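**Student:** Below you will find the structure I want to go over with you.
Read-outs: derived from the displayed coordinates by stated rules, not from any lab. Quantities reported herein were computed from a predicted structural model and do not represent experimental measurements. Positions of Cβ are generated from backbone atoms using ideal geometry, with glycine treated the same way; all protein chains shown enter the neighbour counts.
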Amino acid sequence: MAAGKRFPAQFGHSAHTAVAPGRGCGVPPGEKPTPEKTYSAAVNPLRTLILAAAGNDTIRRLVATAPVSRDVVRRFVAGETTEDAVTATKDLVAAGLSVTLDYLGEDTTDRAQAEKTVQAYLELLDRLRADGLADRAEVSVKLSAVGQALDERLALDNASRICAAAEQAGTTVTLDMEDHTTTDSTLGILRELRRTWPWAGGVLQAYLHRTFDDATALATEGSRIRLCKGAYKEPDTVAHVAPHEVDLAYVRCVNALLAGDGYPMFATHDPRLVEVIGERARWYGRKPGSYEYQMLYGVRPEEQRRLAGAGETVRVYIPYGEEWYGYLMRRMAEKPANTALFLRSLVSKS
Ligand SMILES: Cc1cc2nc3c(=O)[nH]c(=O)nc-3n(C[C@H](O)[C@H](O)[C@H](O)COP(=O)(O)OP(=O)(O)OC[C@H]3O[C@@H](n4cnc5c(N)ncnc54)[C@H](O)[C@@H]3O)c2cc1C
């Protein structure tokens, strides 16, 4: 892997200056955009505007300090500290939900920053154990935040330290998936981790052409695999671009995962897909608890509770940490109603 290469993330954490629209944040800095890399630039002008605004320092200050904005932040981000993450976890667990926690660090090419991220996870895992939350709360880790772009070995070592702490705490770790240039590296590191910690989970992105084969290969006993649509802006040479193609690919992977012996974790807010997953799970004779649904903190919370109330396992992905700004702006850009909420918060400040 090229040292110093940065992977701007559209989902989870990333540099707030990575602002291209669409599923991902555009082309890597310094690389000329090509038509296939900017395919969705014209799709949603409001999204383009919001994401462009995300890079503006004045807007960043406004969002960070306005009291109403703080409420907007709190809808999607649990807070900045371990304590905030634990509080949000307790609330959701009390409501019958499970959680996975993501410490929002930057994509890092800096060993000290990677170490800070590892320490945050170790502190969190210790708290989950001490507070008796480990059976319902696990952690999600982005390898870019623990040094993948710097040195793959460092990322493996750091991920191993987090897995060892998770084992001590009595819980699990899932490796988030980032842009397609990291897929082989991330699946390779997952394979290594599973030699010691077979419960280590991975993520597959339905939009990638390769994913059906990956899903089939990874649907083995005990294999925890999260299936999501995919959040990065990818060229059509590697990924489906049209939303309905992505949805069809998602359903093919749902079938592959449910047909196998693994533990699929279906991450989507899409009402149609939630329905299809339930129907396919019944068709494959899967009992609730032999697979799970996953949704993001603050997104469709009523649906999260409805599914849990119906006996399904539902895991909420909770982001927390000081680097919440880029994550928040992407959630704002995803949905017009969120954008309106965001704009109102800015107006009320001025
Ligand atoms: C738990 C979890 C983990 C994830 N992990 C990864 C990962 O590791 N790698 C990766 O690339 N991507 C990841 N993603 C992101 C994923 O790839 C998608 O980008 C994201 O979930 C949006 O896709 P969707 O399936 O919800 O469908 P979409 O087509 O985006 O949305 C479908 C419907 O869901 C509702 N909805 C969606 N977003 C919002 C919102 N912000 N506010 C309110 N309603 C909304 C709306 O009704 C919308 O019409 C993850 C997502 C989740 C939920």
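**Student:** For the stretch 43-169, what relative contact order do you get, as a whole percent, if you take Cα pairs closer than 8 Å and at least 6 residues apart? Show your work: numbers first, answer last.
**Tutor:** Values: 109 pairs, mean separation 28.7, N = 127.
After rounding, I find 23 percent.
**Student:** By its C-alpha gyration tensor, with a ≥ b ≥ c as the square roots of the eigenvalues, how is the stretch 81-323 shaped: rounded for a/c under 1.5, else prolate for a/b larger than b/c, else oblate? Let's see the in-between values first.
**Tutor:** Details: a/c = 1.59, a/b = 1.16, b/c = 1.37.
It is oblate, given that a/c is not under 1.5 and a/b is not larger than b/c.
**Student:** Moving on. Please report the antiparallel percentage of DSSP beta bridges with both residues in the stretch 81-323, rounded to the nearest 5. Each step should come with its number before you reach the end.
**Tutor:** Numbers: 1 of 30 bridges.
Taking every DSSP beta bridge within the stretch 81-323, about 5 percent pair in antiparallel fashion.
**Student:** Which of F266, F76 comes first, and how do the rest follow, when ranked by fewest Cβ neighbours within 10 Å?
**Tutor:** Lowest to highest Cβ neighbour count: F76, F266.
**Student:** List the residues whose amide H sits under 5 Å from the amide H of G105, counting only those 5 or more places along or on another chain, with H placed 1.01 Å from N in the peptide plane.
**Tutor:** Placed amide hydrogens put nothing under 5 Å from G105.
**Student:** May I pose another question? Can you give me the P(r) profile for the stretch 133-268? Cα pairs, bins 5 angstrom wide beginning at 0, each as a whole percent.
**Tutor:** 2, 11, 21, 22, 20, 15, 7, 2, 0
**Student:** Follow-up. If each residue's Cβ is checked for other Cβ atoms within 10 Å, how do L49, L175 rank with the fewest at the top?
**Tutor:** L49, L175
**Student:** What number, in percent, do you get for the relative contact order of the stretch 228-331 if the mean sequence gap of Cα pairs under 8 Å and at least 6 apart is divided by its residue count?
**Tutor:** Reported relative contact order: 21 percent.
**Student:** Can you give the relative contact order of the stretch 198-246 as a percent, counting alpha carbon pairs under 8 Å and 6+ residues apart? All intermediate terms of the calculation are to be shown ahead of the outcome.
**Tutor:** Values: 58 pairs, mean separation 22.6, N = 49.
This gives 46 percent for the stretch 198-246.
**Student:** Residue by residue, what Karplus-based ³J(HN,Hα) values in Hz, rounded to whole numbers, does the stretch 217-225 have, using 6.51, -1.76 and 1.60 with θ = phi - 60° and x for Gly and Pro?
**Tutor:** 5, 9, 8, 9, 4, x, 7, 8, 10
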